[in-house]
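The block underneath contains the structure these notes are about, expressed in C-alpha cells.
The values are calculated or read from the model by the stated rules, or taken from the named source; none is laboratory data. Since the structure is predicted, the reported quantities are computational estimates derived from the model, not experimental observations. A quick note on method: Cβ atoms are made from the backbone with ideal geometry, for glycine too, and the neighbour counts reach across all protein chains shown.
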Amino acid sequence: MEYMEEKYRLKVINRDMIKYIIIFFMFWGHLFAWLSIDDNPPDGLFANCPFWQRIFIELSLLTPPVMFFFIVDGYKYTRSVKKYAQRLFIFACITQIPFTILWGPINGWWGANIMFTLFFSLLTLCAWESRLKLWQRIVIVVLICGVTIAIVSEWLVFGPLLVLGLYIFNEKSKARLIWYASVWFIYLLVSNIPLYMSGFSLIKLESTVMHIFDFAVAYVLMTVFYNGKKGRFPMFSKWFFYIFYPAHLWLAVILRFLIK
C-alpha cells in the first residue's frame, strides 16, 4: 500500500511540462549541432564542439523517446485519429524543407525528418487496432516499417516498433521496459558498430554513454513522473509544439547562413 502511494506521489509532471523540458534541450542541442555540421573530424560529427555544447547536443536525444511515448498517449486520448494523423503529416512536410537544407550536405540530400517517423508510428497503431486478421496487421506493420527505411526517416524502423511495443505492453510494466530497452539496444548496435569500425575513441564512448543515459531518463520521465494530465493551456501548447519544431530548424538555417 505504501509502495503504491509513493508511486503515485512521484507523478507530478504533466504533459506540457515534459514537452517544454525536452524542447529546451532539443533547441540548444540542435542549434549547436547544426551550426557545426560542416565540421566532420575522425572522432565524429560534433567532436570539434566544446564539451559543454556536446552535452546539450547529446541531451537533445531525450526528445525522440518522449515524442514516441506521446504518440501512444495521443492515440489513446485524441478525439480524432484521422485529424491527428493529418496534422503530423502536414507539419512533417513543412519541416522537411529546413531539415533538408540542414541535413543535405551530410546525408546526400536524402532523408526524412522525425515528424514523418511519428506519422508512420501512428499509422502502425491504426493498423494494429484495425479489424484485419493478425497476419494482415503484421504485414501492414512490416510494410510501414519498410517505408521508414526507404525514405530514410529519422530513427527509421525503431520509431514504429517502439511505439507499437509501448502500446501493446502499456499495462505490463516489465514487458514494456524489456521492449523499450531491447529496441534501443538494437538501435545502438546498428548505429554504433559502423562508428567504432573506424577506431575507438573516448568521444565515441562518451556519445554512446550519453545515448544510454538519454533513453533511460526519457523512460523514467514518462513512466515514473508523468501524471497523464494536460497542462493549463492545452490548445496553445498543442499548436506551439507543432509550430516550434519547423520554426527552430528555420532559425538554425538562418544562423548558419549568417555565420558561415
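A few comments on the model shown:
- When restricted to residues that are in contact (Cβ under 8 Å) with a residue 40 or more places away in the chain and among the acidic types (Asp, Glu), the stretch 130-173 contains 1.
- Selection status of VAL253, more than 21 Å from GLY74 (Cβ to Cβ) and aliphatic (A, V, I, L, M): yes
- Criterion (hydrophobic (A, V, I, L, M, F, W, C), surrounded by fewer than 13 Cβ atoms within 10 Å (Cβ to Cβ) and within 20 Å of the chain's Cα centre (by Cα)) met by exactly one of ILE168, ILE149, ILE97: ILE149
- Search result, residues across the stretch 138-194 that are in contact with a Ser or Thr (Cβ under 6 Å, 6 or more places away or on another chain) and aliphatic (A, V, I, L, M): VAL141, ILE144, LEU156, VAL157, VAL163, LEU164
- Look at the stretch 72-84: where a residue is in contact (Cβ under 8 Å) with a residue 60 or more places away in the chain and a partner is aliphatic (A, V, I, L, M) and in a helix (DSSP H, G or I), sitting 6+ places away or on another chain with Cβ atoms under 6 Å, you get VAL72/VAL163; VAL72/LEU166; TYR75/LEU125.
- Qualifying residue in the stretch 217-225 (condition: more than 17 Å from ASP73 (Cβ to Cβ) and either among the hydroxyl-bearing types (Ser, Thr, Tyr) or surrounded by 15 or more Cβ atoms within 10 Å (Cβ to Cβ) (or both)): yes
- Qualifying residue in the stretch 159-171 (condition: touching a Cys at 6+ places or on another chain (Cβ under 8 Å) and at pLDDT 95 or above): yes
- Evaluating TRP103 against the criteria (1) among the aromatic types (Phe, Trp, Tyr); (2) surrounded by 13 or more Cβ atoms within 10 Å (Cβ to Cβ); (3) closer than 23 Å to LEU162 by Cα leaves one unmet condition, (3).
- Residue that is nearest to ILE55 (Cα to Cα), among those in the stretch 208-260 that are of a type in the set (D, E, K, R), in a helix (DSSP H, G or I) and touching a residue at least 40 places away in the same chain (Cβ under 8 Å): ASP214
- With respect to the conditions (1) at pLDDT below 90; (2) under 18 Å from ASP73 (Cβ atoms); (3) of a type in the set (S, T, N, Q), SER191 falls short on a single one, namely (2).
- Filtered residues of the stretch 152-162 (kept if part of a helix (DSSP H, G or I) and either of a type in the set (A, V, I, L, M) or surrounded by fewer than 20 Cβ atoms within 10 Å (Cβ to Cβ) (or both)): LEU161, LEU162
- Residue within the stretch 23-40 that is under 18 Å from LEU162 (Cβ atoms), at pLDDT below 95 and of a type in the set (Asp, Glu) present: no
- Selection over the stretch 46-94 of residues that are of a type in the set (Val, Ile, Thr) and crowded, with 20+ Cβ neighbours inside 10 Å gives a count of 5.
- Listed by position, the helices (runs of 4 or more DSSP H) inside the stretch 49-137 whose residues that are modelled with pLDDT of 95 or more number at least 3 are 63-77, 81-107, 114-128.
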